[in-house]
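Have a look at the structure below before the remarks.
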Amino acid sequence: MDKFVINGGKALKGEVRISGAKNAAVAILPAAMLADSPCVIENVPEISDVTAILRAMQCLGAEIRYINRSTVQIDPTHINSFIVSKEMADGMRASSYFLGALLGRMHRAKVAPPGGCNLGVRPIDQHIKGFEALGAEMSIENGMVEGKAPILRGASIYLDVVSVGATINIMLAAVKAKGLTVIENAAREPHIVDLANFLNSMGANIMGAGTNVIKVRGVDSLFGATYSIIPDQIEAGTYMAAAVATGGDVLLTNVTPKHLESITAKLREIGADITEYDEAVHVVMNRRPKKCNVKTFPHPGFPTDMQPQIATVLTIADGTSIVTEGVWDSRFRYAEQLILMGADIQVDGKMAVITGVEAINPAPVKAVDLRAGAAMIIAGLMAKGTTEIDNIDHIDRGYENIVEKFSALGADIKRIPKIEGRVVFKRA
Ligand code: EPZ
(Lines give C-alpha, C1' and ligand atoms only; values in the text may rest on other atoms or scores of the structure.)
Protein backbone atom coordinates (compact mmCIF):
# COMPACT_ATOMS: atom_id res chain seq x y z
CA MET A 1 0.00 0.00 0.00
CA ASP A 2 1.22 3.55 -0.77
CA LYS A 3 2.22 5.89 2.06
CA PHE A 4 2.15 9.62 2.61
CA VAL A 5 5.30 11.22 3.94
CA ILE A 6 4.84 14.68 5.40
CA ASN A 7 7.52 17.04 6.54
CA GLY A 8 5.41 19.16 8.87
CA GLY A 9 5.67 22.37 10.80
CA LYS A 10 4.90 24.86 8.00
CA ALA A 11 1.92 27.20 7.92
CA LEU A 12 -0.39 26.54 4.94
CA LYS A 13 -0.73 29.54 2.64
CA GLY A 14 -2.54 30.03 -0.65
CA GLU A 15 -5.69 29.02 -2.45
CA VAL A 16 -7.41 25.64 -2.83
CA ARG A 17 -10.35 24.74 -5.05
CA ILE A 18 -12.82 22.35 -3.43
CA SER A 19 -14.11 19.40 -5.48
CA GLY A 20 -17.62 18.01 -5.86
CA ALA A 21 -19.11 16.37 -2.78
CA LYS A 22 -18.35 12.67 -2.34
CA ASN A 23 -21.50 11.92 -0.39
CA ALA A 24 -23.66 13.66 -2.98
CA ALA A 25 -21.87 11.97 -5.89
CA VAL A 26 -22.33 8.46 -4.49
CA ALA A 27 -26.10 9.06 -4.37
CA ILE A 28 -26.53 11.07 -7.57
CA LEU A 29 -24.60 8.66 -9.81
CA PRO A 30 -26.80 5.62 -8.98
CA ALA A 31 -29.85 7.92 -9.17
CA ALA A 32 -29.03 8.48 -12.85
CA MET A 33 -30.00 4.83 -13.36
CA LEU A 34 -33.64 5.84 -12.82
CA ALA A 35 -33.76 7.88 -16.03
CA ASP A 36 -35.00 6.69 -19.41
CA SER A 37 -32.27 8.62 -21.25
CA PRO A 38 -28.64 9.68 -20.61
CA CYS A 39 -27.64 12.06 -17.82
CA VAL A 40 -24.57 14.28 -17.70
CA ILE A 41 -23.17 14.83 -14.21
CA GLU A 42 -20.68 17.64 -13.65
CA ASN A 43 -18.32 18.41 -10.76
CA VAL A 44 -17.84 14.68 -10.08
CA PRO A 45 -14.87 14.22 -7.73
CA GLU A 46 -12.03 12.00 -8.91
CA ILE A 47 -11.93 9.64 -5.93
CA SER A 48 -11.94 5.88 -5.57
CA ASP A 49 -15.49 5.69 -4.12
CA VAL A 50 -16.78 7.28 -7.35
CA THR A 51 -14.73 4.88 -9.48
CA ALA A 52 -16.22 1.95 -7.54
CA ILE A 53 -19.78 3.22 -8.07
CA LEU A 54 -19.26 3.83 -11.79
CA ARG A 55 -17.62 0.42 -12.22
CA ALA A 56 -20.59 -1.25 -10.52
CA MET A 57 -23.02 0.70 -12.74
CA GLN A 58 -21.07 -0.40 -15.80
CA CYS A 59 -21.33 -4.04 -14.69
CA LEU A 60 -25.12 -3.58 -14.47
CA GLY A 61 -25.16 -2.47 -18.12
CA ALA A 62 -24.97 1.33 -17.88
CA GLU A 63 -22.73 3.04 -20.43
CA ILE A 64 -20.30 5.38 -18.72
CA ARG A 65 -18.30 7.98 -20.63
CA TYR A 66 -16.05 10.65 -19.15
CA ILE A 67 -16.53 13.90 -21.13
CA ASN A 68 -13.75 15.58 -19.15
CA ARG A 69 -12.00 14.95 -15.82
CA SER A 70 -15.04 15.87 -13.74
CA THR A 71 -17.97 15.35 -16.13
CA VAL A 72 -19.51 11.94 -16.66
CA GLN A 73 -22.21 10.88 -19.08
CA ILE A 74 -24.33 7.96 -17.90
CA ASP A 75 -26.57 6.13 -20.33
CA PRO A 76 -28.78 3.81 -18.29
CA THR A 77 -30.92 2.56 -21.17
CA HIS A 78 -29.17 -0.81 -21.42
CA ILE A 79 -29.13 -1.74 -17.74
CA ASN A 80 -30.03 -5.41 -17.67
CA SER A 81 -28.98 -6.68 -14.25
CA PHE A 82 -30.17 -6.05 -10.72
CA ILE A 83 -27.29 -7.82 -8.96
CA VAL A 84 -24.45 -5.95 -7.25
CA SER A 85 -22.08 -8.70 -6.12
CA LYS A 86 -19.71 -8.63 -3.16
CA GLU A 87 -16.79 -7.93 -5.52
CA MET A 88 -18.68 -4.97 -7.04
CA ALA A 89 -19.74 -3.59 -3.63
CA ASP A 90 -16.51 -4.22 -1.79
CA GLY A 91 -15.31 -1.28 0.25
CA MET A 92 -18.12 1.16 -0.60
CA ARG A 93 -20.71 2.12 1.95
CA ALA A 94 -22.88 3.64 -0.72
CA SER A 95 -23.50 0.23 -2.34
CA SER A 96 -26.77 0.31 -0.41
CA TYR A 97 -27.99 3.07 -2.78
CA PHE A 98 -28.15 0.43 -5.50
CA LEU A 99 -31.03 -1.11 -3.52
CA GLY A 100 -33.20 2.00 -3.86
CA ALA A 101 -32.11 2.82 -7.41
CA LEU A 102 -32.57 -0.73 -8.71
CA LEU A 103 -35.91 -1.22 -6.94
CA GLY A 104 -37.00 2.05 -8.57
CA ARG A 105 -35.77 1.02 -12.02
CA MET A 106 -36.04 -2.80 -12.16
CA HIS A 107 -38.42 -3.53 -9.26
CA ARG A 108 -35.76 -5.99 -8.12
CA ALA A 109 -32.43 -5.62 -6.42
CA LYS A 110 -29.86 -8.00 -5.00
CA VAL A 111 -26.99 -6.15 -3.41
CA ALA A 112 -24.05 -7.19 -1.25
CA PRO A 113 -24.02 -5.36 2.09
CA PRO A 114 -22.14 -2.10 2.29
CA GLY A 115 -18.44 -1.83 3.13
CA GLY A 116 -16.77 1.53 3.71
CA CYS A 117 -15.47 2.97 6.97
CA ASN A 118 -15.51 0.91 10.13
CA LEU A 119 -17.42 3.25 12.43
CA GLY A 120 -18.98 0.58 14.62
CA VAL A 121 -22.24 -1.14 13.75
CA ARG A 122 -23.63 0.19 10.45
CA PRO A 123 -27.17 -1.21 10.24
CA ILE A 124 -29.57 -0.71 7.33
CA ASP A 125 -32.77 -1.59 9.18
CA GLN A 126 -34.31 1.83 8.45
CA HIS A 127 -33.64 1.41 4.71
CA ILE A 128 -35.34 -2.01 4.80
CA LYS A 129 -38.27 -0.65 6.81
CA GLY A 130 -38.73 2.07 4.19
CA PHE A 131 -38.63 -0.34 1.23
CA GLU A 132 -41.10 -2.66 2.96
CA ALA A 133 -43.46 0.26 3.61
CA LEU A 134 -43.34 0.97 -0.15
CA GLY A 135 -44.43 -2.61 -0.80
CA ALA A 136 -41.11 -4.38 -1.40
CA GLU A 137 -40.50 -7.87 -0.09
CA MET A 138 -37.06 -7.78 1.50
CA SER A 139 -34.83 -10.69 2.54
CA ILE A 140 -31.21 -11.39 3.37
CA GLU A 141 -29.84 -14.60 1.91
CA ASN A 142 -26.30 -15.83 1.41
CA GLY A 143 -25.00 -12.48 2.54
CA MET A 144 -26.99 -10.57 -0.10
CA VAL A 145 -29.81 -8.12 0.59
CA GLU A 146 -32.63 -8.80 -1.83
CA GLY A 147 -35.73 -6.80 -2.65
CA LYS A 148 -38.68 -7.56 -4.93
CA ALA A 149 -41.46 -5.11 -5.60
CA PRO A 150 -43.75 -5.74 -8.56
CA ILE A 151 -45.49 -2.49 -7.59
CA LEU A 152 -44.07 0.27 -5.38
CA ARG A 153 -46.74 2.32 -3.63
CA GLY A 154 -46.23 5.59 -1.75
CA ALA A 155 -46.37 5.32 2.04
CA SER A 156 -45.80 7.28 5.21
CA ILE A 157 -42.46 6.36 6.77
CA TYR A 158 -41.16 7.59 10.10
CA LEU A 159 -37.42 7.02 10.53
CA ASP A 160 -36.52 5.86 14.06
CA VAL A 161 -33.07 7.42 13.66
CA VAL A 162 -32.09 10.34 11.46
CA SER A 163 -30.31 8.40 8.72
CA VAL A 164 -28.74 9.97 5.64
CA GLY A 165 -28.58 6.62 3.86
CA ALA A 166 -32.17 5.58 4.63
CA THR A 167 -33.52 9.01 3.59
CA ILE A 168 -31.66 8.80 0.27
CA ASN A 169 -32.59 5.19 -0.39
CA ILE A 170 -36.28 5.77 0.29
CA MET A 171 -36.24 8.81 -2.02
CA LEU A 172 -34.64 6.69 -4.77
CA ALA A 173 -37.26 3.96 -4.47
CA ALA A 174 -40.19 6.37 -4.04
CA VAL A 175 -39.68 8.73 -6.99
CA LYS A 176 -41.36 6.32 -9.39
CA ALA A 177 -43.74 4.71 -6.87
CA LYS A 178 -47.48 5.14 -7.26
CA GLY A 179 -48.78 7.97 -5.07
CA LEU A 180 -47.32 10.02 -2.25
CA THR A 181 -44.47 9.01 0.06
CA VAL A 182 -43.85 11.03 3.21
CA ILE A 183 -40.52 10.56 4.99
CA GLU A 184 -40.66 11.89 8.52
CA ASN A 185 -37.62 12.49 10.73
CA ALA A 186 -35.67 12.67 7.48
CA ALA A 187 -32.00 13.67 7.35
CA ARG A 188 -31.34 17.24 6.20
CA GLU A 189 -27.74 17.10 4.92
CA PRO A 190 -26.83 19.27 1.90
CA HIS A 191 -26.34 16.11 -0.18
CA ILE A 192 -29.98 15.12 0.47
CA VAL A 193 -31.08 18.46 -1.00
CA ASP A 194 -28.64 17.96 -3.88
CA LEU A 195 -30.09 14.54 -4.69
CA ALA A 196 -33.64 15.93 -4.54
CA ASN A 197 -32.66 18.78 -6.88
CA PHE A 198 -31.11 16.31 -9.30
CA LEU A 199 -34.15 14.02 -9.26
CA ASN A 200 -36.48 17.02 -9.70
CA SER A 201 -34.40 18.13 -12.69
CA MET A 202 -35.15 14.66 -14.14
CA GLY A 203 -38.90 15.21 -13.73
CA ALA A 204 -39.41 13.93 -10.17
CA ASN A 205 -41.71 15.66 -7.71
CA ILE A 206 -39.92 15.97 -4.35
CA MET A 207 -40.73 18.64 -1.79
CA GLY A 208 -39.28 19.47 1.60
CA ALA A 209 -35.71 18.20 1.09
CA GLY A 210 -33.57 20.03 3.65
CA THR A 211 -36.37 19.84 6.26
CA ASN A 212 -37.23 16.80 8.36
CA VAL A 213 -40.35 15.98 6.33
CA ILE A 214 -39.78 15.05 2.70
CA LYS A 215 -42.72 14.45 0.38
CA VAL A 216 -42.21 12.46 -2.80
CA ARG A 217 -45.06 12.27 -5.29
CA GLY A 218 -44.33 9.39 -7.63
CA VAL A 219 -44.09 9.97 -11.39
CA ASP A 220 -44.31 7.43 -14.24
CA SER A 221 -40.92 8.15 -15.74
CA LEU A 222 -37.80 10.26 -15.39
CA PHE A 223 -35.74 11.75 -18.21
CA GLY A 224 -32.01 12.35 -18.43
CA ALA A 225 -30.70 15.70 -17.17
CA THR A 226 -27.47 17.67 -16.88
CA TYR A 227 -26.59 18.43 -13.29
CA SER A 228 -23.63 19.81 -11.33
CA ILE A 229 -22.84 18.31 -7.91
CA ILE A 230 -22.47 20.67 -4.92
CA PRO A 231 -19.02 21.40 -3.43
CA ASP A 232 -17.81 19.00 -0.77
CA GLN A 233 -18.62 20.33 2.69
CA ILE A 234 -16.25 17.91 4.43
CA GLU A 235 -13.34 18.37 2.04
CA ALA A 236 -13.71 22.13 2.59
CA GLY A 237 -13.91 21.66 6.36
CA THR A 238 -10.78 19.52 6.27
CA TYR A 239 -8.75 22.25 4.51
CA MET A 240 -10.19 24.86 6.90
CA ALA A 241 -9.12 22.75 9.89
CA ALA A 242 -5.67 22.21 8.35
CA ALA A 243 -5.29 25.98 7.88
CA VAL A 244 -6.22 26.57 11.52
CA ALA A 245 -4.01 23.72 12.78
CA THR A 246 -0.91 25.10 11.04
CA GLY A 247 -1.50 28.80 11.76
CA GLY A 248 -2.15 29.34 8.07
CA ASP A 249 -3.83 31.73 5.66
CA VAL A 250 -5.94 29.85 3.11
CA LEU A 251 -8.63 30.88 0.63
CA LEU A 252 -11.02 28.06 -0.26
CA THR A 253 -12.89 28.50 -3.54
CA ASN A 254 -15.87 26.62 -5.02
CA VAL A 255 -17.55 26.23 -1.62
CA THR A 256 -21.03 26.94 -0.29
CA PRO A 257 -20.40 28.93 2.93
CA LYS A 258 -23.92 28.15 4.20
CA HIS A 259 -23.03 24.42 4.27
CA LEU A 260 -19.96 25.22 6.35
CA GLU A 261 -21.73 27.25 9.06
CA SER A 262 -21.31 24.78 11.95
CA ILE A 263 -17.65 24.21 11.04
CA THR A 264 -16.97 27.94 10.65
CA ALA A 265 -18.61 28.63 14.03
CA LYS A 266 -16.40 26.10 15.85
CA LEU A 267 -13.20 27.21 14.12
CA ARG A 268 -14.01 30.83 15.03
CA GLU A 269 -14.47 29.69 18.66
CA ILE A 270 -11.03 28.12 18.42
CA GLY A 271 -9.62 31.50 17.39
CA ALA A 272 -9.65 31.58 13.57
CA ASP A 273 -10.60 34.66 11.52
CA ILE A 274 -12.96 33.46 8.82
CA THR A 275 -14.41 35.66 6.09
CA GLU A 276 -17.25 34.33 3.96
CA TYR A 277 -17.78 35.30 0.32
CA ASP A 278 -20.44 34.09 -2.12
CA GLU A 279 -18.54 30.96 -3.13
CA ALA A 280 -15.35 31.17 -1.07
CA VAL A 281 -14.13 31.33 2.50
CA HIS A 282 -10.88 32.83 3.75
CA VAL A 283 -9.36 31.28 6.88
CA VAL A 284 -6.59 33.01 8.82
CA MET A 285 -5.14 31.75 12.09
CA ASN A 286 -2.44 33.63 13.94
CA ARG A 287 -2.64 32.35 17.50
CA ARG A 288 -2.54 29.11 19.46
CA PRO A 289 -5.94 27.35 19.19
CA LYS A 290 -8.27 27.92 22.13
CA LYS A 291 -9.96 24.96 23.83
CA CYS A 292 -13.47 24.21 22.64
CA ASN A 293 -16.14 21.57 23.22
CA VAL A 294 -17.62 19.90 20.16
CA LYS A 295 -20.58 17.56 19.85
CA THR A 296 -21.52 15.99 16.54
CA PHE A 297 -25.13 15.87 15.35
CA PRO A 298 -26.98 15.27 12.10
CA HIS A 299 -27.15 18.41 9.90
CA PRO A 300 -27.36 21.30 10.71
CA GLY A 301 -25.27 20.21 13.71
CA PHE A 302 -21.51 19.83 13.63
CA PRO A 303 -20.83 16.97 11.16
CA THR A 304 -19.47 13.69 12.47
CA ASP A 305 -17.32 13.54 9.31
CA MET A 306 -15.35 16.55 10.66
CA GLN A 307 -14.94 15.18 14.19
CA PRO A 308 -11.45 13.61 13.79
CA GLN A 309 -10.09 16.69 12.01
CA ILE A 310 -11.27 19.22 14.62
CA ALA A 311 -10.16 16.93 17.46
CA THR A 312 -6.69 16.95 15.89
CA VAL A 313 -6.61 20.76 15.95
CA LEU A 314 -7.60 20.64 19.63
CA THR A 315 -4.62 18.45 20.55
CA ILE A 316 -2.52 21.65 20.61
CA ALA A 317 -5.19 23.93 22.11
CA ASP A 318 -4.62 26.01 25.18
CA GLY A 319 -6.72 24.03 27.69
CA THR A 320 -8.90 20.93 27.81
CA SER A 321 -11.60 20.24 25.22
CA ILE A 322 -14.36 17.64 25.24
CA VAL A 323 -15.39 16.08 21.94
CA THR A 324 -18.59 14.03 21.95
CA GLU A 325 -19.66 11.79 19.08
CA GLY A 326 -23.41 11.96 18.65
CA VAL A 327 -23.90 9.95 15.45
CA TRP A 328 -21.70 6.84 15.39
CA ASP A 329 -20.98 4.24 18.11
CA SER A 330 -17.28 4.28 17.49
CA ARG A 331 -15.39 7.09 15.87
CA PHE A 332 -12.36 7.61 18.08
CA ARG A 333 -10.14 4.82 16.74
CA TYR A 334 -7.78 7.48 15.40
CA ALA A 335 -7.09 8.74 18.94
CA GLU A 336 -4.42 6.11 19.57
CA GLN A 337 -2.58 7.28 16.46
CA LEU A 338 -2.58 10.86 17.76
CA ILE A 339 -1.41 9.60 21.15
CA LEU A 340 1.58 8.04 19.34
CA MET A 341 2.35 11.60 18.20
CA GLY A 342 2.28 12.92 21.77
CA ALA A 343 -1.34 14.05 22.03
CA ASP A 344 -3.07 13.76 25.39
CA ILE A 345 -6.45 12.16 24.68
CA GLN A 346 -8.62 10.02 26.91
CA VAL A 347 -11.51 8.28 25.23
CA ASP A 348 -14.49 7.04 27.20
CA GLY A 349 -17.17 5.59 24.94
CA LYS A 350 -18.59 8.39 22.84
CA MET A 351 -16.50 11.10 24.51
CA ALA A 352 -12.89 12.18 24.19
CA VAL A 353 -11.18 14.48 26.66
CA ILE A 354 -8.34 16.28 24.91
CA THR A 355 -5.82 18.13 27.02
CA GLY A 356 -3.89 20.47 24.77
CA VAL A 357 -0.12 20.06 24.55
CA GLU A 358 2.32 22.68 23.21
CA ALA A 359 3.09 20.61 20.12
CA ILE A 360 2.67 17.10 18.73
CA ASN A 361 5.59 15.14 17.31
CA PRO A 362 6.08 13.16 14.13
CA ALA A 363 5.53 9.39 14.25
CA PRO A 364 4.63 6.55 11.89
CA VAL A 365 0.82 6.40 11.97
CA LYS A 366 -1.98 4.92 9.92
CA ALA A 367 -5.31 6.04 8.51
CA VAL A 368 -7.87 3.86 10.32
CA ASP A 369 -10.69 5.21 8.15
CA LEU A 370 -11.33 8.01 5.65
CA ARG A 371 -11.76 11.04 7.94
CA ALA A 372 -9.31 9.62 10.46
CA GLY A 373 -6.85 9.57 7.57
CA ALA A 374 -7.54 13.25 6.86
CA ALA A 375 -6.91 13.90 10.54
CA MET A 376 -3.53 12.13 10.29
CA ILE A 377 -2.57 14.44 7.43
CA ILE A 378 -3.48 17.47 9.53
CA ALA A 379 -1.46 16.02 12.43
CA GLY A 380 1.48 15.41 10.11
CA LEU A 381 1.30 19.02 8.89
CA MET A 382 1.27 20.25 12.51
CA ALA A 383 4.22 18.16 13.75
CA LYS A 384 7.73 19.52 13.03
CA GLY A 385 9.62 16.70 11.29
CA THR A 386 8.70 13.66 9.21
CA THR A 387 5.43 11.78 9.68
CA GLU A 388 4.62 8.68 7.66
CA ILE A 389 0.99 7.71 7.13
CA ASP A 390 0.10 4.16 6.18
CA ASN A 391 -3.22 2.67 4.93
CA ILE A 392 -3.88 5.70 2.74
CA ASP A 393 -6.34 3.84 0.50
CA HIS A 394 -8.95 5.08 2.93
CA ILE A 395 -8.01 8.69 2.13
CA ASP A 396 -8.15 8.07 -1.64
CA ARG A 397 -11.81 7.08 -1.22
CA GLY A 398 -12.84 10.64 -0.47
CA TYR A 399 -10.20 13.29 -1.24
CA GLU A 400 -9.37 14.31 -4.80
CA ASN A 401 -5.73 15.15 -5.55
CA ILE A 402 -4.92 15.60 -1.91
CA VAL A 403 -1.15 15.68 -2.38
CA GLU A 404 -1.36 18.26 -5.16
CA LYS A 405 -3.82 20.42 -3.23
CA PHE A 406 -1.80 20.46 0.01
CA SER A 407 1.46 20.94 -1.93
CA ALA A 408 -0.03 24.01 -3.63
CA LEU A 409 -0.62 25.41 -0.14
CA GLY A 410 3.07 25.00 0.63
CA ALA A 411 2.91 21.67 2.45
CA ASP A 412 5.75 19.20 2.05
CA ILE A 413 3.74 16.03 1.39
CA LYS A 414 4.62 13.14 -0.89
CA ARG A 415 3.00 9.88 -1.87
CA ILE A 416 5.50 7.05 -1.71
CA PRO A 417 4.34 4.22 -3.94
CA LYS A 418 4.45 0.71 -2.64
CA ILE A 419 7.39 -1.15 -4.20
CA GLU A 420 5.95 -4.06 -6.15
CA GLY A 421 7.71 -7.32 -7.03
CA ARG A 422 10.92 -8.90 -5.85
CA VAL A 423 13.27 -7.26 -3.43
CA VAL A 424 16.67 -6.83 -5.08
CA PHE A 425 19.68 -6.59 -2.76
CA LYS A 426 22.75 -4.60 -3.75
CA ARG A 427 26.02 -6.51 -4.04
CA ALA A 428 28.59 -5.76 -1.38
C1 EPZ B 1 -23.57 8.82 5.70
O2 EPZ B 1 -23.45 7.49 6.13
C3 EPZ B 1 -22.21 9.22 5.19
N4 EPZ B 1 -21.85 8.35 4.10
C5 EPZ B 1 -21.19 9.16 6.32
O6 EPZ B 1 -19.97 9.69 5.81
C7 EPZ B 1 -21.65 10.01 7.49
O8 EPZ B 1 -20.78 9.81 8.59
C9 EPZ B 1 -23.07 9.65 7.90
O10 EPZ B 1 -23.96 9.69 6.77
C11 EPZ B 1 -23.64 10.57 8.96
O12 EPZ B 1 -23.61 11.90 8.49
C13 EPZ B 1 -22.34 8.56 2.89
O14 EPZ B 1 -23.09 9.50 2.65
C15 EPZ B 1 -21.90 7.64 1.81
P16 EPZ B 1 -26.52 7.25 8.55
P17 EPZ B 1 -24.75 6.61 6.42
O18 EPZ B 1 -27.44 6.26 7.96
O19 EPZ B 1 -25.82 7.02 5.50
C20 EPZ B 1 -27.75 4.69 12.42
C21 EPZ B 1 -17.69 9.78 5.35
O22 EPZ B 1 -16.72 9.90 6.11
N23 EPZ B 1 -28.56 3.88 11.48
O24 EPZ B 1 -26.92 8.68 8.56
O25 EPZ B 1 -24.33 5.21 6.46
C26 EPZ B 1 -26.25 4.47 12.21
O27 EPZ B 1 -25.79 3.33 12.93
C28 EPZ B 1 -18.83 8.84 5.70
O29 EPZ B 1 -17.81 10.41 4.29
C30 EPZ B 1 -29.41 2.92 11.96
O31 EPZ B 1 -29.50 2.68 13.17
O32 EPZ B 1 -25.09 7.12 7.88
C33 EPZ B 1 -25.69 5.77 12.73
O34 EPZ B 1 -25.55 5.70 14.12
C35 EPZ B 1 -18.52 7.98 6.88
N36 EPZ B 1 -30.16 2.20 11.05
C37 EPZ B 1 -26.77 6.80 12.39
O38 EPZ B 1 -27.96 6.05 12.15
C39 EPZ B 1 -30.10 2.44 9.73
O40 EPZ B 1 -30.82 1.77 8.97
C41 EPZ B 1 -26.49 7.66 11.16
O42 EPZ B 1 -26.21 6.80 10.04
C43 EPZ B 1 -29.22 3.42 9.24
C44 EPZ B 1 -28.47 4.14 10.15
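Observations
- The stretch 152-169 - residue that is touching a strand residue (DSSP E or B) at 6+ places or on another chain (Cβ under 8 Å) and open to solvent by 40 Å² or more (accessible area, probe 1.4 Å) and, of those, farthest from the ligand (Cβ to nearest atom): Arg153
- Selection status of Val72, under 22 Å from the mean Cα position of the chain (by Cα) and buried (at least 24 other Cβ atoms within 10 Å of the Cβ): no
- For the stretch 315-329, the criterion of being assigned by TED's automatic domain parsing to the domain that holds Pro289, aromatic (Phe, Trp, Tyr), free of Cβ contacts under 8 Å to residues at least 60 places away in the same chain and within 22 Å of Gly398 (Cβ to Cβ) is met by none of the residues.
- Considering residues of the stretch 336-368 that are out of contact with any Ser or Thr (no Cβ under 6 Å at 6 or more places or on another chain) and of a type in the set (Val, Ile, Thr) only, the residue surrounded by the fewest Cβ atoms within 10 Å (Cβ to Cβ): Val353
- The set of residues in the stretch 5-53 that are of a type in the set (D, E, K, R) and out of contact with any helix residue (DSSP H, G or I) (no Cβ under 7 Å at 6 or more places or on another chain) comprises Lys10, Lys13, Glu15, Arg17, Asp36, Glu42, Glu46.
- Annotation: Asp49 fulfils all but one of (1) away from the ligand (no atom under 13 Å from the Cβ); (2) in contact (Cβ under 8 Å) with a residue 40 or more places away in the chain; (3) of a type in the set (D, E, K, R); the unmet one is (1).
- Arg188 basic (Lys, Arg), within 16 Å of the ligand (Cβ to nearest atom) and either touching a strand residue (DSSP E or B) at 6+ places or on another chain (Cβ under 7 Å) or open to solvent by 30 Å² or more (accessible area, probe 1.4 Å) (or both): yes
- Only residues that are away from the ligand (no atom under 16 Å from the Cβ) and touching a helix residue (DSSP H, G or I) at 6+ places or on another chain (Cβ under 7 Å) were counted across the stretch 203-236, and they come to 6.
- Residues that are in a loop (DSSP other than H, G, I, E, B), more than 9 Å from the ligand (Cβ to nearest atom) and of a type in the set (Asp, Glu), drawn from the stretch 315-335: Glu325
- The stretch 125-146, subset among the β-branched types (Val, Ile, Thr) and open to solvent by less than 60 Å² (accessible area, probe 1.4 Å), residue farthest from Pro300 (Cα to Cα): Val145
- Qualifying residue in the stretch 93-104 (condition: of a type outside the set (Ser, Thr, Tyr), more than 16 Å from the ligand (Cβ to nearest atom) and at pLDDT 95 or above): yes
- Filter result for Ala149 (closer than 18 Å to Ala31 by Cβ, more than 15 Å from the ligand (Cβ to nearest atom) and open to solvent by less than 10 Å² (accessible area, probe 1.4 Å)): yes
Listed here are the residues, each with its yes/no results for (1) open to solvent by less than 10 Å² (accessible area, probe 1.4 Å); (2) outside any strand (DSSP E or B); (3) touching a residue at least 24 places away in the same chain (Cβ under 8 Å).
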{"residue": "Met1", "(1), (2), (3)": "no, yes, yes"}
{"residue": "Lys10", "(1), (2), (3)": "no, yes, yes"}
{"residue": "Glu15", "(1), (2), (3)": "no, no, yes"}
{"residue": "Ala27", "(1), (2), (3)": "yes, yes, yes"}
{"residue": "Ala31", "(1), (2), (3)": "yes, yes, yes"}
{"residue": "Val40", "(1), (2), (3)": "no, no, yes"}
{"residue": "Val44", "(1), (2), (3)": "yes, yes, yes"}
{"residue": "Cys59", "(1), (2), (3)": "no, yes, yes"}
{"residue": "Ile64", "(1), (2), (3)": "no, no, no"}
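- Condition met for Ala245 (among the small types (Gly, Ala, Ser), closer than 21 Å to Leu381 by Cβ and not assigned by TED's automatic domain parsing to the domain that holds Ile28): yes
- Selection within the stretch 398-424 - at pLDDT 95 or above and not hydrophobic (A, V, I, L, M, F, W, C): Gly398, Tyr399, Glu400, Asn401, Glu404, Lys405, Ser407, Gly410, Asp412, Lys414, Arg415
The values are calculated or read from the model by the stated rules, or taken from the named source; none is laboratory data. Here the structure is a predicted model, which is why all the values come from computation and not from measurement. Here the Cβ is made from the backbone with ideal geometry for all residues, glycine too, and neighbour counts use every protein chain on show. Note: areas computed on protein heavy atoms with side chains; ligands, DNA, RNA excluded. Shrake-Rupley method; radii C 1.70, N 1.55, O 1.52, S 1.80 Å.
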